[in-house]
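Some notes on the structure that comes next.
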Amino acid sequence: MVAFSLILLLTTVVAGVIASWAFLYPENFNTVIPFQQLRPIHVSAALFWIITGAVSCLLYYSQEMKKLHPAGQKMTATYVALWINTILVIFIFYSIKQFGGREYWEFPPWLSIPILISWLLLMAGYFTYWVRIKEKKSLYWIMWATGILFFCITFIEQNLWQINWFRQSYLREVTVQWKANGSMVGAWNQMIYGSSLYLMAKISGDETIAQNRTVRFFYFLSLTNLMFNWGHHIYNVPTAGWVRHVSYLISMTEWLFFISMIRSFKNKLEETRRLKHLLTYRFIIASELWLFLNLILALMMSIPAINRYTHGTHITVAHAMGTTIGINTMILLGAIGHMLKVEELGKKHQRIITRGFYITQVSLLVFWICLVVAGIEKAYRTEIMPAASFQQIMMPVITVLKVFALSGIALLTGISTIAIAYLSSLKRIRIL
Amino acid sequence: MFLRIWLTLVSAFAAYTTYLYFNCDNKHLSSPSIEIQQGQNLWQAQNCQACHQLYGLGGYMGPDLTNTISTRGSKYVETYIRYGTGRMPNLHLADSEIKSIIAFLSWVDSSGKSKVPANNVHWTGTYIIK
């Protein structure tokens, strides 16, 4: 499963780079492999990389403490088999241009059935095991369980459009779709941040960081945000006003995360000095830096008056890619690295991973800044030349996106260096 | 204590979700005809949203199409869909398919405006959309 998730990561970056060039030069791609085919491959690979990676980590780390019972093992094994095979079938459908055309879930809708069945198996296996753990549960246990549960809820909600009633009103259809998508991100974040918290507790040898009151408070705050803070996706949709106001209000509680990050900055600096020789730790600390940057962006975008300009521009892409690569992928690479015991690898191997790590960080920063600049430019031009054609508006934006596409190649180099180094060290250790 | 807070939040979530399903659309616009629904299915099967947005949601290669019908007219839209351009592929759709996609886009168009006018911004930063 870990190997499969890393292959998905490689697919994501390769398809992403090709898609960025197809975006810029569609004339050369439209007859061979057009953008509307590349984008689903890229997006689905990314989504499944994150979810498969998150589940791999939580299953592995849970069992580091206590093994699953035999029935649970069987259920999760069936989950893995069904999950992987469905994903493969999805890619086959993309290769023959069969789409379902929903944002993020661009495959034919009936394929949601095997995905759901596999997830229910995972839930059955994991929860029967989870409730039997009698010791005091550190917060990561709760976060893992929350993530698994809410992925299921949001996945079902994401598919409600297949019931005709939901499509009777376009406003309802869009609202429910983006409620589900928005909350789902919260669900996988619970799984991933759970693993990050687990790792920090293990690396620092201090279990209290996963048990104190503050961390519990922030758990509830993020759960509240998972449930109610998805409205920024649809601020401009003319739904009933309270839908917007509730989201806006809840999203402003994210300032508390921001303040808490600034307050703990000095402690972090000390911790970094102590632990920076560890590869795994570097990934985690990088994810925190990316969290900081993306949080600023997210806070801005959550204010409707600002969202009015950023919505529908590449700033949204900067937010989506900044979080999925900068935060989710960094934590997952750290957590998988820890699983693979990268600290015990030879010097040469470690050097390769370190190099991949720095290439990734630098290119991601250029990549992210390009998207923000492209977004600002598009927003500005749309505002000052309302009657202009789409091509006129996009002209200078395309120039910035060329730099973006180049940094994408560097990003591909960095991430694939790490992923391939991991894949080759997988042979050493058999896991999951 | 922990469990109690958790259950309260989950109950609030369930209540909010149910209320939202029934009341998020307070405009009660007309429900879609069979043709419109076919148009929506085609919109999805052709993956138009990989390149286009409705209400700003979707891919950014092409323009937002929420209000193209009212701003550019259906003849204009039809030409694009039928022939494509250098950048937009020709998807080789039949006449009836193009017609139903246009019906779908008109239905979406009638639900509201994608761009919120500046005077709808409230001093608190939120929007008031009538």
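The values are calculated or read from the model by the stated rules, or taken from the named source; none is laboratory data. As the structure is a computational prediction, the values presented were derived from the model and not from experiment. Don't worry about glycine lacking a Cβ; one is built from the backbone with ideal geometry, like all the others, and counts go over all protein chains shown. Quick note on the areas: whole protein, heavy atoms, side chains included, nothing else; ligands and nucleic acids left out. Shrake-Rupley method; radii C 1.70, N 1.55, O 1.52, S 1.80 Å.
The set of residues in segment A:206-221 being away from chain B (no Cβ under 11 Å), part of a helix (DSSP H, G or I) and not aromatic (Phe, Trp, Tyr) consists of A:Glu207, A:Thr208, A:Ile209, A:Ala210, A:Thr214, A:Val215.
If you go through segment A:48-92 and keep only what is open to solvent by 10 Å² or more (accessible area, probe 1.4 Å), in contact with a Phe, Trp or Tyr (Cβ under 6 Å, 6 or more places away or on another chain) and assigned to a helix (DSSP H, G or I), you end up with just A:Ile84. With respect to (1) within 26 Å of A:Gln36 (Cα to Cα); (2) within 11 Å of another protein chain (Cβ to nearest Cβ); (3) part of a helix (DSSP H, G or I); (4) of a type outside the set (S, T, N, Q), the lone exception for B:Met61 is condition (3).
Regarding segment B:5-20, can at least one residue be identified that is over 28 Å from A:Ser222 (Cβ atoms), aromatic (Phe, Trp, Tyr) and more than 13 Å from the chain's Cα centre (by Cα)? Looking for residues that are over 28 Å from A:Ser222 (Cβ atoms), aromatic (Phe, Trp, Tyr) and more than 13 Å from the chain's Cα centre (by Cα), one finds none in segment B:5-20, hence no.
Please tell me if A:Lys67 is of a type in the set (Lys, Arg) and within 14 Å of chain B (Cβ to nearest Cβ). It is false that A:Lys67 is of a type in the set (Lys, Arg) and within 14 Å of chain B (Cβ to nearest Cβ).
Please tell me if A:Ala46 is of a type in the set (Gly, Ala, Ser) and free of Cβ contacts under 8 Å to residues at least 40 places away in the same chain. No; evaluated as a whole, the condition is false for this residue.
If you go through segment A:383-393 and keep only what is open to solvent by 50 Å² or more (accessible area, probe 1.4 Å) and either touching a residue at least 24 places away in the same chain (Cβ under 8 Å) or among the small types (Gly, Ala, Ser) (or both), you end up with A:Glu383, A:Ala387.
Given segment A:109-203, what helices (runs of 4 or more DSSP H) lie entirely inside it while holding 2 or more residues that are among the aliphatic types (A, V, I, L, M) and either within 10 Å of chain B (Cβ to nearest Cβ) or at negative phi (or both)? Here the list reads A:112-130, A:139-158. Within segment B:74-105, the residues that satisfy the criterion of being within 13 Å of chain A (Cβ to nearest Cβ) and either touching a residue at least 40 places away in the same chain (Cβ under 8 Å) or touching a Phe, Trp or Tyr at 6+ places or on another chain (Cβ under 8 Å) (or both) are B:Met88, B:Asn90, B:Leu91, B:Ile101, B:Ala103, B:Phe104, B:Leu105.
Okay, residues lined up against (1) touching a Pro at 6+ places or on another chain (Cβ under 7 Å); (2) modelled with pLDDT under 90; (3) closer than 30 Å to A:Glu344 by Cα:
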{"position": "A:Ile192", "(1), (2), (3)": "no, no, yes"}
{"position": "A:Ser204", "(1), (2), (3)": "no, yes, yes"}
{"position": "A:Gln211", "(1), (2), (3)": "no, yes, yes"}
{"position": "A:Leu226", "(1), (2), (3)": "no, no, no"}
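Can you pull out every residue in segment B:18-58 that is of a type in the set (Gly, Ala, Ser), surrounded by fewer than 19 Cβ atoms within 10 Å (Cβ to Cβ) and at the interface with chain A (Cβ under 9 Å from one of its Cβ atoms)? Across segment B:18-58, the qualifying residues are B:Ser31, B:Ala45. Would you check if there is a residue in segment A:8-26 being of a type in the set (Phe, Trp, Tyr), assigned to a helix (DSSP H, G or I) and touching a Pro at 6+ places or on another chain (Cβ under 9 Å)? No, segment A:8-26 contains no residue that is of a type in the set (Phe, Trp, Tyr), assigned to a helix (DSSP H, G or I) and touching a Pro at 6+ places or on another chain (Cβ under 9 Å). For segment A:316-333, check the following and say yes or no: at least one residue is of a type in the set (Ser, Thr, Tyr), touching a helix residue (DSSP H, G or I) at 6+ places or on another chain (Cβ under 6 Å) and within 14 Å of chain B (Cβ to nearest Cβ). No: segment A:316-333 contains no residue that is of a type in the set (Ser, Thr, Tyr), touching a helix residue (DSSP H, G or I) at 6+ places or on another chain (Cβ under 6 Å) and within 14 Å of chain B (Cβ to nearest Cβ). Residues in segment A:162-211 that are closer than 30 Å to B:Ile36 by Cα and under 22 Å from the mean Cα position of the chain (by Cα): 11 in all.
I need the full set of residues from segment A:222-246 which are free of Cβ contacts under 8 Å to residues at least 24 places away in the same chain, assigned to a helix (DSSP H, G or I) and surrounded by fewer than 21 Cβ atoms within 10 Å (Cβ to Cβ), in order please. Across segment A:222-246, the qualifying residues are A:Gly241, A:Trp242, A:His245, A:Val246.
Pairing residues of segment A:252-279 that are in contact (Cβ under 8 Å) with a residue 60 or more places away in the chain with residues that are open to solvent by less than 50 Å² (accessible area, probe 1.4 Å) and among the aromatic types (Phe, Trp, Tyr), at Cβ distances under 9 Å and at least 6 apart in sequence or on separate chains, gives A:Glu271/A:Tyr281; A:Leu275/A:Tyr281; A:Leu279/A:Phe357.
Looking across segment A:229-244, just one residue is aromatic (Phe, Trp, Tyr), touching a Phe, Trp or Tyr at 6+ places or on another chain (Cβ under 9 Å) and more than 7 Å from every other protein chain (Cβ to nearest Cβ), and that is A:Trp230.
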